[in-house]
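Here it is: the structure, laid out below.
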Amino acid sequence: MQTIFEAIGGSEGLTRLAGAWHARVMADEVVSHAFSHGFHPQHTERLAAYWVEALGGPKAYSEGLGNETTVVRMHSGNGLHEEMDQRAIACFDQALEDIGLARDERLWRVLHDYFAWATTTTMARYHRSPDDVPDAMDIPKWSWDGLVPRA
């Protein structure tokens with residue numbers, strides 16, 4: 001069975017999705033606030049590399065850019081932001097439509113479920129301080145059946 005990474009079209013497909021999502025969040029008056037203090041110039045490529053690894057592709061992110069701790073710390077210490085999270089998920093769903101994935105219901109559902117899970121759990125868990133994030137966390141893997149248990 002092909003991985004989610006393969007089903008979406010590999011790195012190219014995930015880069016398209018990351019670009020479409022980023023465009024959507026930058027146009028959203030609530031979610032864009034998360035980027036108001038600036039962001040990495042290769043944000044889209046870095047986000048795509050993270051998703052590649054999480055969805056069954058090569059370990060490009062953890063081998064060259066960081067680990068789960070790096071990513072979660074970037075998203076931590078900003079207090080609770082449930083409305084922003086829900087709007088980010090809505091932007092993701094719209095981005096899936098923007099790149100033509102709404103027609104593939106199974107792929108759309110697994111990607112939606114992954115993004116909603118990541119947004120409302122791992123990225124929202126340490127709302128008090130980035131210092132609360134444990135060291136050396138691995139990027140969680142997601143399959144057609146959901147979160148892959150750690151070995």
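Might you let me know whether the range 119-140 holds any residue that is in contact with a strand residue (DSSP E or B) (Cβ under 7 Å, 6 or more places away or on another chain) and touching a residue at least 40 places away in the same chain (Cβ under 8 Å)?
Yes; the residues of the range 119-140 include at least one that is in contact with a strand residue (DSSP E or B) (Cβ under 7 Å, 6 or more places away or on another chain) and touching a residue at least 40 places away in the same chain (Cβ under 8 Å).
Yes or no: the range 96-116 includes at least one residue that is outside any loop (DSSP other than H, G, I, E, B), open to solvent by less than 70 Å² (accessible area, probe 1.4 Å) and out of contact with any helix residue (DSSP H, G or I) (no Cβ under 9 Å at 6 or more places or on another chain).
Applying the first criterion (outside any loop (DSSP other than H, G, I, E, B)) to the range 96-116 yields 96-98, 105-116.
Filter once more, so that each one left must be open to solvent by less than 70 Å² (accessible area, probe 1.4 Å): 96, 107-108, 110-116.
Pick out the ones that are also out of contact with any helix residue (DSSP H, G or I) (no Cβ under 9 Å at 6 or more places or on another chain) and you get 113.
Yes - at least one qualifying residue is present in the range 96-116.
Can you give me the number of residues within the range 75-95 that are of a type in the set (A, V, I, L, M), without any contact (Cβ under 8 Å) to a residue 60 or more places away in the chain and in contact with a helix residue (DSSP H, G or I) (Cβ under 8 Å, 6 or more places away or on another chain)?
Qualifying residue count, the range 75-95: 2.
Among residues belonging to the range 41-74 that are hydrophobic (A, V, I, L, M, F, W, C) and in contact (Cβ under 8 Å) with a residue 60 or more places away in the chain, point out the one that is nearest to P134 (Cα to Cα).
V72
Can you say whether T44 is within 14 Å of the chain's Cα centre (by Cα) and not hydrophobic (A, V, I, L, M, F, W, C), as far as the supplied structure shows?
Yes, satisfied.
Can you find, within the range 1-29, the residue that is modelled with the highest pLDDT among those that are open to solvent by less than 30 Å² (accessible area, probe 1.4 Å) and outside any helix (DSSP H, G or I)?
Filtering first and then ranking leaves I8.
Please find, within the range 76-91, the residue that is modelled with the highest pLDDT out of those that are surrounded by 14 or more Cβ atoms within 10 Å (Cβ to Cβ) and charged (D, E, K, R).
Selected residue: R87.
Then there is this: In the range 34-53, which residues are within 21 Å of Q86 (Cα to Cα) and surrounded by 14 or more Cβ atoms within 10 Å (Cβ to Cβ)?
Within the range 34-53, A34, F39, H43, T44, L47, A48, Y50, W51 qualify.
Being among the polar types (S, T, N, Q) and over 20 Å from F5 (Cβ atoms) is the filter; apply it to the range 95-138 and report the residue that is farthest from the chain's Cα centre (by Cα).
That would be S129.
What are the pairs with Cβ atoms under 7 angstrom where one residue, in the range 8-30, is over 25 Å from R106 (Cβ atoms) and the other, located anywhere, is basic (K, R)? Sequence gap at least six, or different chains.
D28/R87; V30/R87
Condition first: under 14 Å from the mean Cα position of the chain (by Cα) and in a helix (DSSP H, G or I). Now tell me which residues in the range 57-68 satisfy that.
Y61, E68
How about the range 118-147: which of its residues are open to solvent by 60 Å² or more (accessible area, probe 1.4 Å) and either at pLDDT 85 or above or in a loop (DSSP other than H, G, I, E, B) (or both)?
Answer for the range 118-147, where residues must be open to solvent by 60 Å² or more (accessible area, probe 1.4 Å) and either at pLDDT 85 or above or in a loop (DSSP other than H, G, I, E, B) (or both): T120, R125, H127, R128, D131, D135, A136, D138, K141, D145, L147.
The values are calculated or read from the model by the stated rules, or taken from the named source; none is laboratory data. Only a predicted model underlies this, so the values are computations on that prediction, with no experimental measurement involved. Cβ sites come from the backbone with ideal geometry, for glycine too, and all protein chains shown count toward neighbours. Ligands, DNA and RNA are excluded from the accessible area calculation, which covers all protein heavy atoms including side chains. Shrake-Rupley method; radii C 1.70, N 1.55, O 1.52, S 1.80 Å.
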